[in-house]
Amino acid sequence: MTQLAETLFSNTPPIAWPQLLTLQSTEIKHVTYCQGQFNISAQELPINSRNSSNNSRYYYLTLIAPSITSDALLNLLSALSQLQLSMQGSGDIILYPPANYALNHNALTDTQAQRTTAASQGDIIVLGFTTLSDELQMQFKDTLASWRNDYHVDYALSQTLPSLKQPGVVLMDMDSTTIQIECIDEIAKLAGVGEQVAAVTARAMNGELDFSESLRSRVATLTNCPEAVLTQVADAMPLMPGLELLIATLHQANWKVAIASGGFTYFAKRLQDDLGFDAVYANELEIVDGILTGQVIGDIVDAQVKADTLQSLAQEYQIAPQQTVAIGDGANDLIMLKSAALGVAIHAKPIVQQQAQVALNHHDLEGLVGLLHAANCVDASWS
């Protein structure tokens, strides 16, 4: 066991720590941190079984950002180690080798860009904890919330790490998730009822209204709106940054990616045609002779339908439960997020941020790419 003071690491970016450590030791099997001290061992980790049911209290903390400084990471390590010592006697934190992830589509497809443009890649750091009580988890989350805002880093504290090395599925909300707008609000603006509909949409996304009833009432205000308005909105849909990168990453890894939306098939199918989603599920507006009737055809895609869709997709494609991921922003996404192995809220409403397993606040969809690469850190070797 080699021990090194944290001062050795203070002026070196964490992404370069593997090189720094190999200068200190010829063989490194694992690295831990406790109270300002890094411990390098040539012995295998006592626990190194990602997603193992035998270690039900084992947790991974994934940190992602365009850049994570040594100051930021040492600050967090010290705070979390001290919390562990104060509550359960051991302050040891396992460090896995850091990695990079693409921040834009060019970095995924252009290897020269990966090598030459620092701004095209972000940093991933994964920390391991052999046990975390419920009380300690709450204290961790309070500390992480403050730290995240200070350093503009997003994080995930989870017991499973979906891996791009195995097949998986991502199910996405559409409005304000794959695209940056709420389509019904944009239709309503062009139909002259924008303020009225937007107010109801906001309340529904915050969980203040029954979603199905609120959707039918909003659609009713669009009676006699020409179909041309839908085309106008579809032609101008602004994609959420990182969407094309995410889809390319998933398809490259043999994953499936689908939309389950409380919005409308008119827009979801356009996204499927343009971007290659494997499946889309949404509500169908009734259109007669090029005019909206103010009705929705069939049952509403609500919160439960979204969750059921994730399970159906996993069964259809024979995806292991720990390889399921969901991402959304509104209250009607919560059941779906909770039914996934990794449920991710993106720029979400307060009620969703409070209840979701993971909240992306400093990333767009490239953040999910970073989270999905975390398993590679656990599988990697220091030396």
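The values are calculated or read from the model by the stated rules, or taken from the named source; none is laboratory data. Model, not experiment: these values are computed from the prediction. Cβ placement follows ideal geometry from the backbone for every residue including glycine, while neighbour counts extend to all protein chains displayed. Side chains included, ligands, DNA and RNA excluded: accessible areas come from the protein's heavy atoms. Shrake-Rupley method; radii C 1.70, N 1.55, O 1.52, S 1.80 Å.
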*For the range 235-383, what is the largest minus smallest coordinate of the Cα atoms on each principal axis, given in angstrom and ordered from greatest to least?*
67, 32, 31
_Which residue fluctuates most in the GNM of the chain (Cα springs below 10 Å): ASN206, ASN75, ASN332?_
ASN75
_Under 10 Å, Cα contacts only: if you run a Gaussian network model on the chain, which one of GLY242, GLY290, GLY367 comes out with the highest mean-square fluctuation?_
GLY290
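What net charge do the residues around GLN43 carry, taking every other residue with its C-beta under 13 Å from that of GLN43, with Lys and Arg at +1 and Asp and Glu at -1? It would help to have the intermediate numbers written out before the result.
On the way: positive: LYS29; negative: GLU27, GLU44.
Overall, the nearby charge balance is -1.
Could you give the Stokes-Einstein D for the range 1-41 in µm² per second, using the C-alpha Kirkwood radius, 20 °C, 1.002 mPa s?
On the way: Rh = 10.3 Å.
After rounding, the answer is 207 µm²/s.
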*Entries in LYS141/LYS349; LYS141/LYS269; LYS269/LYS338; LYS165/LYS306; LYS189/LYS338; LYS269/LYS349 that, when Cα-Cα distance is taken, lie over 30 Å*: LYS141/LYS269; LYS189/LYS338
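Quick one: net charge around GLY294, please, counting Lys, Arg +1 and Asp, Glu -1 for every other residue with C-beta under 15 Å from its C-beta. List each step's numbers first, then the result.
Details: positive: ARG216, ARG218; negative: GLU213, GLU227, GLU284, GLU286, ASP289.
Summing Lys/Arg as +1 and Asp/Glu as -1 gives -3.
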*For the chain, what is the percent of antiparallel DSSP beta bridges, rounded to the nearest 5?*
65
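How would you order 89-95, 157-163 from highest to lowest mean count of nearby Cβ atoms within 10 Å? Working shown, then result.
Working: 89-95: 17.3, 157-163: 20.4.
Packing order, densest peptide first, comes out as 157-163, 89-95.
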*Give me the Debye-computed log₁₀ of I(q)/I(0) at q = 0.12 Å⁻¹ for the chain, equal point scatterers on Cα only, no solvent, two decimals.*
-0.91
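Rounded to the nearest 20 Debye, what is the dipole magnitude of the chain about its Cα centre when Lys and Arg each give +1 and Asp and Glu each give -1 at the C-beta? Please report the intermediate quantities before stating the final value.
Working: 17 positive and 39 negative charges, 196 e Å.
Dipole size: approximately 940 debye.
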*For the range 57-102, what % of the accessible area comes from carbon and sulfur atoms, probe 1.4 Å?*
47
*With only alpha-carbon atoms counted, please give the Rg and Dmax of the range 106-238, in Å.*
21.6, 61
*For helix 134-151, report the angle its Cα long axis makes with the longest principal axis of the Cα atoms of the chain; keep it between 0 and 90° and round to the nearest 10°.*
80
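Please compute the length gained on full extension between GLN315 and LYS165, using 0.36 nm multiplied by the number of residues separating them and subtracting their Cα-Cα distance. Walk me through the numbers on the way to the answer.
Values: separation 150, 0.36 × 150 = 54.00 nm, distance 1.88 nm.
Extending this stretch completely gives an extra 52.1 nm.
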_Summed residue charge, Cβ within 14 Å of ALA326's Cβ, Lys/Arg positive, Asp/Glu negative_ = -1
